[in-house]
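To start, the structure under review is shown below, and the notes come after it.
The values are calculated or read from the model by the stated rules, or taken from the named source; none is laboratory data. Nothing here was measured: the structure is a model prediction, and the numbers come from that model. All Cβ positions, glycine included, derive from the backbone under ideal geometry; neighbour counts span all protein chains shown. Just so you know, the surface numbers come from the protein's heavy atoms only, side chains and all, with ligands and any DNA or RNA stripped out. Shrake-Rupley method; radii C 1.70, N 1.55, O 1.52, S 1.80 Å.
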Amino acid sequence: MELIDTHSHIYDEAFDHDRKEVVARALDNGVGTLIMPGINSAVHASMLECADAFPGIAFPCTGLHPTDVNADWERELDFVKEHLHDRRFLAIGEIGLDFYWSRDFEAEQRRVLAAQFELAAKEDLPVLIHCRNATDAMFEVLDEVRGLSLKGIFHAFSGSYETYCRCLRYGDFKFGIGGVCTYKKAGIAEVLPKMSMQDLVLETDCPWLTPVPHRGKRNESSYARIIAERLALLKGLTLEEVAGSTTSNARKLFNI
C-alpha cells in the first residue's frame with residue numbers, strides 16, 4: 001500500500017529538530033511521497049534542501065501564497081517566474097485567495113492569482129489552490145481566466161457539494177482531503193460520500209490541521225494514513241481501495 005501526501009510543509013522550522021525521524025515515520029506508514037508547496041521566496045532554500053535530503057520522496061513546488069501578497073508582491077511574483085525553468089518543481093502553489101485575516105491586499109491577491117494561473121497553463125503545471133473566506137472571489141477569478149487549461153488541487157477542501165461540482169467546471173481539478181474530515185461536526189464529512197474517488201487526493205498540510213486523535217499537536221505526513229482510514233470509513237471502502245485511488249490520482253496529476 002502506498003500513500004501520497006500532496007501537501008506537506010516538511011521544510012517548515014517545526015521539523016528542524018527531527019525531520020529525518022518524521023520522514024522515517026511517514027515511510028513506515030506507507031507515505032512514500034511528499035509534495036511540498038512553496039509559499040514565498042523565503043522558504044525556497046529550505047524547501048530545496050529537503051528535496052536534496054530526501055530524493056525521490058520530497059518534491060518541491062513554487063508559488064506565492066495569498067497571505068504573502070503584500071507591498072512586495074511584484075518582486076515575489078517575479079521570483080516565481082524566474083524559477084519555473086527548474087523542472088524539479090512539480091506544481092505552482094500554494095496560490096489562491098485568503099480574506100480571513102485581512103482584505104487589505106484583495107485586489108493584489110486577485111491579480112497575483114490570475115497571473116499564476118496563466119503561468120501554470122503556459123507551463124502545463126498543476127496548481128495548488130488555497131481558498132479561505134473567499135469562495136465567491138475565487139470563482140470570479142476563475143471566470144476571468146476561463147479560457148486557460150487548468151488542472152490541480154483545491155487544497156484543504158471543505159466546501160459544499162454544490163461548490164465541489166462548480167469547481168469541476170473550471171478544469172481537471174482534484175480535492176485535497178486532510179485532517180478536518182476527522183473532526184466532529186466537520187461539514188466535509190457529510191459531503192465526501194457524494195464526491196467521486198476519482199477527484200480525491202490525500203494531504204496533511206503538516207505541521208497544521210492535525211487529525212484526531214492527535215489534534216492539538218504538531219501534524220506530520222505519517223498521519224495521511226489516519227486520513228485515509230477516515231476517508232475509507234466515510235466512503236464505505238477499504239483502506240487499500242482509498243490508497244489505490246488517491247495515489248493514482250496524485251501520480252497522474254503530478255506526472256510522477
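Observations on the structure shown:
- The chain: calculated mean residue ellipticity at 222 nm from DSSP helix runs of at least 4, using -39500 (n - 2.57): -11500 deg cm²/dmol
- Among the chymotrypsin sites (Phe, Trp or Tyr not before Pro) found in the stretch 88-135, those both in a DSSP coil and sparsely packed, with 11 or fewer other Cβ atoms within 10 Å of their Cβ, are TYR100, TRP101.
- The computed Cα extents along the principal axes in Å for the structure shown corresponds, within [x] 44, 41, 33; [y] 56, 36, 36; [z] 81, 46, 35, to [x].
- The trypsin sites (Lys or Arg not before Pro) of the stretch 14-108 meeting both criteria, a DSSP state outside H, G, I, E and B (loop) and at most 10 other C-beta atoms within 10 angstrom of the site's C-beta, are ARG87.
- Residue-normalised accessible area of the stretch 141-256, expressed per residue, 1.4 Å probe, Å²: 46
- In the stretch 125-210, trypsin sites (Lys or Arg not before Pro) in a DSSP loop with at most 16 other beta-carbon atoms within 10 Å: ARG146, LYS184, LYS185
- Amide H contacts for GLY93 (H built 1.01 Å from N in the peptide plane; partners 5 or more residues away or on another chain; cut-off under 5 Å): GLY38, THR62, GLY63, LEU128.
- Cβ-based charge dipole, the chain, positive-most Cα from MET36, PRO193, ASN70: PRO193
- Separation between Cα centres of the stretch 1-48 and the stretch 186-233, rounded to whole Å: 16
- Solvent-accessible area of the chain (1.4 angstrom probe, protein heavy atoms only): carbon and sulfur portion equals 47 percent.
- Restricting attention to the chain, the count of lysine pairs at 8 or more positions apart or across chains with alpha carbons under 14 Å apart stands at 6.
- Counting every alpha-carbon pair across the stretch 198-256, the share separated by more than 13 Å comes to 61%.
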